[in-house]
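So the structure is just underneath, and the comments pick up after that.
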Amino acid sequence: MPSPLISSCGKFVRLFVLICATSSSVVAQESSNTSTATQRVQGRSGFFERLPPRPEKTTEELRAWADELRIKYSQPSEKWPEPTVESEVQWVEIGLLPEVEHPDENPFSKEKYALGRMLFFDPRLSKSGEMACASCHDPDLSWGDGRTVSFGLGRFELSRNAPSLLNAGLLETYFWDGRAESLEDQALSVLHNPHEMGSQEAIIVERLGAEPGYRNAFAAAFKDGEVNTENVGKAIACFERTLTGGRSDFDRFLQGKQDQLSDAAIRGLDLFRREARCMNCHHGPLMTDHKFHDVGLSYYGRQYEDLGRYEVTAAKEDVGKFRTPSLRNISKTGPYMHNGLFPLAGVLRMYNAGMPTLTPKEHQTDDPLFPRKSNLLRPLGLNNQDLADLQAFLEALEEPRIRHRPPSLPGLPHRFPETAVTPQNTSQSGDDSN
């Protein structure tokens, strides 16, 4: 009987072919290139290529290879094997997370943190009074929402998957298209978006200003004490910067606890850095290059078209590009990609095939906006053992579950009495796992 991983991957190869199709009726044509031994699967809107999987190892060979790699990766990271990256990639070694720095224009304070925590969970910020930041960034769902794409006001289906907020304070841009350059901008953008929270300055001033608890909280958090959207954005961003990880099995491995990675995960670490070519885009402590890439999923010219970064810059080279997500805690934040269509095993299978390459139709031949897939992507020829090992490594990036109870909100009933709260005992790096 085939393993669950193999069975699920087969389904997503078929779905992958559908991505390249213009309708549900797809005729896949396979052809061999004798010089490269690649196999092309052709749809009506494009194709992807596969290399034959390399031979699998025996159980004894896998164990011996893991033992050898464990010795290599027990050394300081500067002595690890060189990663497989293209010459133009300015890669940074994967490693422990740095401390989050709060900007000078919005410095941290316990009072601002406490205010931001309340605002994050308060649905009264939205026009309907029913949507909070936590509606799409739920702590019980690893600060995402677990959906393909999120719902906005009135259950309006949005176009993209909600990224997790864990470690958001370490990112350089926000949203899949990078249209916000700070957490403050991100928070305000969602507040004012008519399809998301749909709020306005008047709504916030009226609702929050009517509550003595909020008036006192704003006065304690800000010198001007004003209840306004600018201070709301600053307080929420202050709270979000405290949502940090760093307690995964991989982090413990980096701290010298060599038994924290399984044999499969240690093999996956080596694959991640070398044969799987992941570090061309996923490097550094956060495992992202903070850049934008076209991975062939723009649906250009089709029903679910999403032009990505182009909608922000209007630069033709940005059509179909999306921000490289962090891989920290990735196994807890599915489904994946900007459109939320794939589970983890399916994503790995797609990258093994180099991701889809769209081909222009006759009327698109001279289209200056036709997207071009990143040249960092290519078929890999990994076998099912390799894919399982890669997934084991990604699962080793998982953070332990931290229960984060919503706070009491001024003017609203709460079934638990509120106690003194500090970032040290509520952030993702805290120890309350009950």
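Tabulated results
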item	result
Residue within the range 70-78 that is touching a Leu at 6+ places or on another chain (Cβ under 8 Å), of a type in the set (F, W, Y), under 25 Å from N193 (Cα atoms) and crowded, with 16+ Cβ neighbours inside 10 Å present	no
Qualifying position, being assigned by TED's automatic domain parsing to the domain that holds P123 and at positive phi, among G256, G209, G225, G213	G225
Single residue of the range 202-213 satisfying the filter (among the charged types (D, E, K, R) and either surrounded by 14 or more Cβ atoms within 10 Å (Cβ to Cβ) or modelled with pLDDT under 95 (or both)) that is nearest to the chain's Cα centre (by Cα)	R207
From E196, E184, residue being part of a loop (DSSP other than H, G, I, E, B) and touching a residue at least 40 places away in the same chain (Cβ under 8 Å)	E196
Some residue of the range 145-160 being surrounded by fewer than 17 Cβ atoms within 10 Å (Cβ to Cβ), in contact (Cβ under 8 Å) with a residue 24 or more places away in the chain, not in a loop (DSSP other than H, G, I, E, B) and not β-branched (V, I, T)	yes
Search result, residues across the range 220-241 that are among the aliphatic types (A, V, I, L, M), in a helix (DSSP H, G or I) and surrounded by 15 or more Cβ atoms within 10 Å (Cβ to Cβ)	A221, V232, A235, I236, A237
Close pairs from the range 297-316: first free of Cβ contacts under 8 Å to residues at least 12 places away in the same chain, partner buried (at least 17 other Cβ atoms within 10 Å of the Cβ), Cβ under 6 Å, at least 6 apart	E305/Y299
Residue tally, condition assigned to a loop (DSSP other than H, G, I, E, B) and surrounded by fewer than 23 Cβ atoms within 10 Å (Cβ to Cβ), over the range 306-318	4
Hits in the range 265-305 - residues which are surrounded by fewer than 19 Cβ atoms within 10 Å (Cβ to Cβ) and either of a type in the set (F, W, Y) or touching a strand residue (DSSP E or B) at 6+ places or on another chain (Cβ under 8 Å) (or both)	H290, K291, Y299, Y304
Criterion violated by P343 - all others in (1) more than 18 Å from F393 (Cα to Cα); (2) touching a Gly at 6+ places or on another chain (Cβ under 7 Å); (3) surrounded by fewer than 21 Cβ atoms within 10 Å (Cβ to Cβ) satisfied	(1)
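The values are calculated or read from the model by the stated rules, or taken from the named source; none is laboratory data. Bear in mind the structure is a predicted one, so any value in this text is a computation, not a measurement. For neighbour counting, all protein chains shown are included, and Cβ atoms are generated from backbone atoms with ideal geometry for every residue, glycine included.
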